[in-house]
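Step one of this worksheet: look at the structure below.
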Amino acid sequence: MSTAPSATEQFDDQASKRLESIYLTPDVVEQREKVLALLAPRVGEHALDIGCGPGLTTESLALAVGAGGHVLGVDIAEPMLAIAKQRCASLPQVSLGMADVTALPYEDARFDCALASQVYEYVEQIDTALKELARVIKPGGRAVLVDTDWESAVWASHDDVRMRKILETWNEHIPHPQLPRSLKRRMEQAGFIKVRVEVVPLLNLAYDPQTYSVGMMDMLGSFVAGRRSLSADDVAAWKEDARAIGAENNYFFSLNRYVFTGERAV
Ligand SMILES: C[S@@+](CC[C@H](N)C(=O)[O-])C[C@H]1O[C@@H](n2cnc3c(N)ncnc32)[C@H](O)[C@@H]1O
């Protein structure tokens, strides 16, 4: 059993709003567009947005499938669903529901395609969740899954030991911090074929609050402070150091998102 806090503990009102604003930074918007292009939703399709969060992907899917299609966004965190409801209020082709992705309350073969962006790394019972995903997608239907391995992070610092400790401690926020390494095999075992993997990196070359990495510093900082001998002072010093590196024009952050595409076996 992992000791990571549950998704409902992690995504309260404040964290959900914070994540929404980070996911609206131009670098994350660009990443989302690349991921959606890999799913290639078509007009009239029925799509499932697994762990829809603030509904950014739900909205994009809805615009792609059009008024004759349908998008069902599902999440376990009420504050996320509240944001998604507001975002998608003017899109009648969207429905939103609360469910755990390990037990989807939908009939077999209901969806033409499904997207799960940054979700399965939070799910302890990952293989059960993937089987559920395969069950609700039509034979021949498509799935796109996005997950991160934070060991792919390169984050410039004047104190690499502290930086490494922060990243190692941050790994504890989810039960599967290295999920991409086993996800192809797990998808195949769950009933997906033609599984392919692409890397979509996030790259920030300036200390800019309107980027993913600077936006994430508060979230990382509040999680790691008080764990593994990292104090609030260590976190404050790390943040100050990042600002200083930025002022020296040496800011550098890179992180890989791994995007898995697969087809539900017939
Ligand atoms: C990092 S957010 C990503 C949100 C969204 N997919 C996006 O990319 O904008 C992870 C989301 O997965 C949801 N989640 C995590 N575990 C879940 C579970 N077991 N069932 C349903 N949703 C879950 C969380 O509540 C959260 O909204």
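Values quoted throughout were computed directly from the atomic coordinates according to the rules given, and no laboratory measurement underlies them. Remember, it's a predicted structure, so these values are computed and weren't measured experimentally. Glycine also receives a Cβ, built like all others from the backbone with ideal geometry; neighbour counts cover every protein chain displayed.
Would you calculate, for the chain, the mean residue ellipticity at 222 nm contributed by helices, counting each DSSP H stretch of 4 or more residues as -39,500 (n - 2.57) and dividing by all residues, to the nearest 500?
-12500 deg cm²/dmol
Mind sorting S6, S16, S213 by how few other Cβ atoms lie within 10 Å of their own Cβ, fewest first?
S6, S16, S213
Which of these, H70, H158, H46, has the largest mean-square fluctuation under a Gaussian network model of the chain (Cα springs below 10 Å)?
Maximum among the listed residues: H158.
Helix 13-22: angle to the longest alpha-carbon principal axis of the chain, degrees 0 to 90, nearest 10?
90 degrees
Between the stretch 59-98 and the stretch 186-251, what is the C-alpha centre distance in whole Å?
Value for the Cα centre distance between the two parts: 28 Å.
Mind jotting down the distance between the C-alpha centroids of the stretch 1-18 and the stretch 113-166, whole Å?
First find each Cα centre; the distance between them is then 15 Å.
Equivalent-ellipsoid semi-axes (√(5λ), Cα gyration tensor) for the chain, whole Å, largest first?
Ellipsoid half-lengths, sorted descending, are 32, 19, 17 Å.
Got a sec? How would I83, I245, I193 order by Cβ neighbour count within 10 Å, fewest to most?
By the 10 Å Cβ count, ascending: I193, I245, I83.
Quick one: angle between helix 56-65 and the longest Cα principal axis of the chain, in degrees between 0 and 90, rounded to 10, please.
Approximately 30 degrees, to the nearest 10.
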